[in-house]
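Written out below as structure tokens is the structure these notes cover.
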């Protein structure tokens, strides 16, 4: 896709300082390294500043500091990365949007669907569903009975929303995501085996939430699983029954909350972080990649557990086998000290 | 959803001792903390006993021991958690079930479908499929050629069952699950690259199995991948080709068996447990969260590997870097001792 | 399924030496342990050589070395495992293939679809899609606008391919896989919360690629995410935006690349290997199961990090708690030495 804006228009949109020619035409966004003539690039991570002098971009978004090293056309703003994000949104809206219900969609007569909604081929909308204005629901997605989707949601193809799920406005759900499947609840039977605990709760999701591909949010056993406003979930995330995710918390790929785990606001779970059941994490906590959170965290900060450093396999074997002897080793050191 | 039963009816259903008024109306299940008038609550985990005295529930399910501290209306039973599970099943059946084939479903003429079956919109049933009595297969689910599904299965939307898969009675499959995709089998080519090993086996699954959202069970290379009776699988589980899962084994989210791994009966794999290929695990084994099982286990018990304890990131870095020096450290201690 | 070939035909197909009767009829492939009369078995892993003398197979594929211990009918070849892989491909082609567009498929008029293509029920093909000759796209799969799929692809049911994705020839995609969902890109807002970075790139995938069930490959932020020729991806794999996977690299289940990570050619990522963002790995590297790759790797070889050895949980607790004291322990040893 190509676009066609003047640098001046973009400066006005960003409320950024323009240094150079406002009539320059911008036809695309790109990185400093890959930009061609007609492209707007940006410099945010200092690691990439070495590419600034040689970029072929027609203009660059820079901070005040990095602009001192650059004599070409540029936009100057406090946070070039945020500026790039804002332009990416603008450019992504260039594609056509239209309201339309494909004739192959199956709609229960009791569903309440706003007028300017797109429902793609083979979409299924069950009884008493409510779909807000401006929603776009793509091919082969299913919305179960009594679920409510707020305004301006964009739900990709092959998504499954079970019954009794509530989603706020401006949601973005990606393909393969599953909202409202049964929580994993079973009581052991005295004779062996498992008695299923039917999951009678639902899921309540706030506004402005992003849900990645193949991410799952289970319904509550009793009461709802809760996902706050502005939460962003990557692919392959798992939110178990009755877990709570606070506003603006971010979870990268493969991160999961076990049943009734609670995570506060503005937390960051790097990839593959697992929080065990019934544990509670306060606001403003960061967990590094692959951390296993086995107890509650009550103070903001960065926490870790998990992997050993990366080594050659032959060294790793030699060293990790010693972990199995570590308690004895510590006792031997104690004895030596005595 | 609300219900309407008398406490006496519920006592009879559970075969529990009733202490108090059998005419009390119960309109819902809830936890001690969140219950309102008209709700039935339960106390199982002693951690929640502090909520017993103040609950607004109209009645509570208690053990004989916890009933001693409670003067309100209650049902007394040996296992309150199991009792709750049984009522949850009863309550979940209140919703209507009906048999119906949606006109948009695609059925091969050779398929054998029992009369009282529900097939939702856009369901696809390929040649020679057999669907047992009482099955409910929801929107956009696909069942491949020659697969057999036993009685009373409930298969949610957007499930994929490949060809030549056999599933016993009373199965529960959640959305996004995939049964019978190719196992990951490739032979290295001498010139580099991979020669695919076509997966000529199938999948055989027992009775009363639960399969979570986005869970995958691959078909066998030669012969079938086997999942026993009463097995319960959470979301994002992976069962590779020719693996064997014994009866009543439970696998929590992200747990996986590599090719030809065998797990016995009544095992519990907490979240994110991985069992490497060709390893065998006996009956009655528990693996704690995130354990990597690299060798066979022949004695029942609880086993672990994996993560370090949770620490502040700054401490974790300082300590884990020492793991790379651990073999040397152990040798230095040895020398000191000498 | 059963087949019917003579041992002589199979020897010719494999270009293998035949020892015994070329007229023997072969109706199936099987392992040494499970083979019956009419089956062809193979011996590759020496661990299974104990089953050779007692096999009921009508013939066995052997290396020259293992053939010395066997007096029955056999095919002799340098690599019996590769030979088995080649026969599995032959046998898998016995099933019927036919070109057909199911009447319930939705095709945009602008799509260019080769004549001998199979499109199953409820397949959705959006505008300007190109589908090459010999492709088979199964039920309920969606191909987004402007995506191109090369010749002879086999795409199973319930796959989602977003817009602007290019896939080479002979691809094999399994159910639940999602190609081209948005990368996980957000800029922090100064007032708190996240500004979405719209993902304006696409995905480019080479020839002869295998993509497992519930595997996700995200589109690039700017420019494409790249997957080379001959890459094989198991189930539940994650390739984040702008990651690069080199030719013939294999990734087992749950392995993931974070944003802009680059992996070279002929690498093997055993199960659950995670590579963090912006890291680069050279050709011919092996990572053992559950390794977390936190820095670039510039020399071929085998690398590890991750789990402690498998122990009884009681021992594991005792030992891993010492990891939190490891830095102090090392200092104490230093002091003792002084």
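We did not get these values from a lab; they are worked out from the coordinates using the rules stated. As the structure is a computational prediction, the values presented were derived from the model and not from experiment. Every residue, glycine as well, gets a Cβ built from its backbone with ideal geometry; the counts of neighbours run over all protein chains shown.
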FRET efficiency, 1/(1 + (r/R0)^6) with R0 60 Å, evaluated for residue C:336 and residue B:65 via beta carbons: 0.70
Percentage relative contact order, segment C:47-151, counting C-alpha pairs under 8 Å, at least six apart: 17 percent
Cα-projected label distance for residue A:78 with residue A:283, points at 7 Å along beta-carbon direction, nm: 2.0 nm
Take the alpha carbon atoms of segment A:118-189, find their radius of gyration, then divide it by 2.2 N^0.38 Å using N residues; give the quotient. 1.15
Which distances, in nm and shortest first, link the residue B:128 label point to the same label point in every other copy, taking 7 Å along Cα→Cβ? 4.4, 4.4
Quote the Stokes-Einstein diffusion coefficient, in whole µm² s⁻¹, for segment B:1-157, based on the Kirkwood radius over alpha carbon pairs, a temperature of 25 °C and a viscosity of 0.890 mPa s. 136 µm²/s
Taking A:138-151, B:144-157 and ranking on average Cβ neighbours within 10 Å, highest first, one gets A:138-151, B:144-157
Counting other beta carbons within 10 Å of each Cβ, put A:328, C:196, A:47 in order, fewest first. A:47, A:328, C:196
Note: A:230-241 gets an average of partner chain Cβ contacts (10 Å, Cβ to Cβ) equal to 6
Take the alpha-carbon centre of segment C:276-338, take the same for segment B:49-69, and report the distance between them in whole Å. 48 Å
What does the copy distance list look like for residue C:302, label position 7 Å along Cα→Cβ, in nm and ordered from shortest? 3.3, 3.3
Using only helices, what value at 222 nm comes out for chain C when you add -39,500 (n - 2.57) per DSSP H run of length 4 or more and divide by the total residues, to the nearest 500 deg cm²/dmol? -4000 deg cm²/dmol
Can you compute the FRET efficiency between residue B:315 and residue A:328 using 1/(1 + (r/R0)^6), with r the Cβ-Cβ distance and R0 = 30 Å? Round to the nearest 0.05. 0.85
Taking a ≥ b ≥ c as the square roots of the Cα gyration tensor eigenvalues, with a/c under 1.5 meaning rounded and otherwise prolate when a/b beats b/c or oblate if not, the protein assembly as shown comes out rounded
Contact order relative to length for segment A:164-229, counting C-alpha pairs under 8 Å separated by 6 or more residues, stands in percent at 42 percent
Antiparallel as a % of all DSSP beta bridges within chain C, to the nearest 5? 10 percent
Rounded to whole angstrom, the alpha-carbon centroid of segment A:109-178 lies from that of segment A:8-42 at a distance of 37 Å
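Kirkwood Rh and Cα-based Rg: tell me the resulting Rg over Rh for segment B:5-92, rounded to two decimals.
Numbers: Rg = 11.2 Å, Rh = 12.4 Å.
Result: Rg/Rh = 0.90.
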If you count, for each residue, the other Cβ atoms within 10 Å and average over each peptide, how do A:172-180, C:250-258, A:100-108 line up from highest to lowest? A:172-180, C:250-258, A:100-108
Work the Kirkwood hydrodynamic radius out for chain C: mean of 1/r over every pair of different alpha-carbon atoms, inverted, in Å. 23.4 Å
So, relative contact order of segment C:5-92 in percent, Cα under 8 Å, 6 or more apart, is 27 percent
Share antiparallel - DSSP beta bridges, the protein assembly as shown, percent rounded to 5: 15 percent
Which order results if A:68, B:311 are arranged by neighbouring Cβ count within 10 Å, fewest first? A:68, B:311
Copies of residue A:336 compared via label points 7 Å along Cα→Cβ give distances in nm, shortest first, of 0.4, 0.4
What fraction of the DSSP beta bridges in segment B:5-92 is antiparallel, stated in percent and rounded to the nearest 5? 40 percent
